[in-house]
Amino acid sequence: MQTFVNVFLGFFIFEFVGAAPITDTIIYDSEFYNIPFGELPHAFAFDENKQSDEVETEIGTELPSVIQESYSSAPSTEETEDEASTPKLIDGSSAQGSGVLGPQTQDDLPTCLLCTCLGTTVYCDDRELDAVPPLPKKTTYFYSRYNRIRKISRNDFANLNHLKRIDLTANFISEIHKDAFRRLPQLQELVLRDNRIRQLPELPSTLTFIDVSKNRLGRRGIPNEAFKNLDELQHLYITDNNLDHIPLPLPESLQALHLQNNNIQEMHEDTFCKMRDFTYVRRALEDIRLDGNPINLSKTPYAYMCLPRLPVGNLI
Ligand SMILES: *[C@@H]1O[C@H](CO)[C@@H](O)[C@H](O)[C@H]1NC(C)=O
């Protein structure tokens, strides 16, 4: 674990010194699938190893999870996922973690002892956290992946007016207060992948990137018109959630919609296009993934007329 921290921090500091924006450890663009595994950055390799361990435990394959996600059509079962991830978190923890955390205070100092603060980035991955720690007011990027956070309360992110990215991948979050993210004036990227979320909270209209894949949104977890007013939203990832419908309406700005491994059975001709306006073109939306759903895309041939590319899914 210590080796990872060093390797990661090396990568992290390199990024920081280079004044580049903090790069993501999960790469979503389709170009990624062509990159040979050995050429991936260290941080990415770490996350993948960790996830591929889980995949091995779950279904006995050595496919890395990204590849798993893109090619498998079998929905993963939630139960085995939980069993597999729990010991993983305990296993990867440091002994002194909870001792340093101690009682929560409003003071900024303990958070930056427990986590790593570099500039305005607070980096708390894999620290056995049970809750979001109090964050410095100027925090811009907050990473808290591989922890044990169960709940996001109303004031966890209160007054963090500079916050642009929240990444809470791989926690145990089942409850999010509906206003927890709403008053974050600069929030652009919200990553809640691999949790137990049943209900999406209110989302700020500044978001450009949302990933709530591998949660439990099911039939009712996404409120009506949840994404309607997100005028800047470009990437929306809701794979592996047992969704039974495509959330509508989708903002014009949307470029990528990933809905693999859900339970979507039908689509309407108006889902993406406008049946009454054949001149309408939805230019931005180039990447729609519906594979791993019990839907026959051949049944709605007119539903894709306005799109630059056909969705990926069953054309049988
Ligand atoms: C899918 O839809 C097409 C067009 O309606 C139909 O010809 C085909 O039999 C369907 N396939 C399945 C597996 O239902």
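Only the coordinates and a few stated rules stand behind these numbers; no lab work does. What you see is a predicted model; the values in this text were computed from it and never measured. Positions of Cβ are generated from backbone atoms using ideal geometry, with glycine treated the same way; all protein chains shown enter the neighbour counts.
Summary of values
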| quantity | calculated |
| --- | --- |
| Note, ³J(HN,Hα) from phi for region 159-169, Karplus 6.51, -1.76, 1.60, rounded to Hz, x at Gly and Pro | 6, 8, 6, 9, 5, 10, 9, 10, 10, 10, 3 |
| For ASN263, net neighbour charge (Lys/Arg +1, Asp/Glu -1) across residues whose Cβ lies under 10 Å away | 0 |
| Cross-link pairs LYS164/LYS274; LYS228/LYS299; LYS178/LYS299 - those with Cα-Cα distance over 32 Å | LYS164/LYS274; LYS178/LYS299 |
| Where GluC sites (Glu not before Pro) fall in DSSP loop in region 213-316, at most 10 other Cβ within 10 Å | GLU225 |
| Cut-off 9 Å between beta-carbons: net charge of the residues surrounding GLY313, Lys and Arg +1, Asp and Glu -1 | 0 |
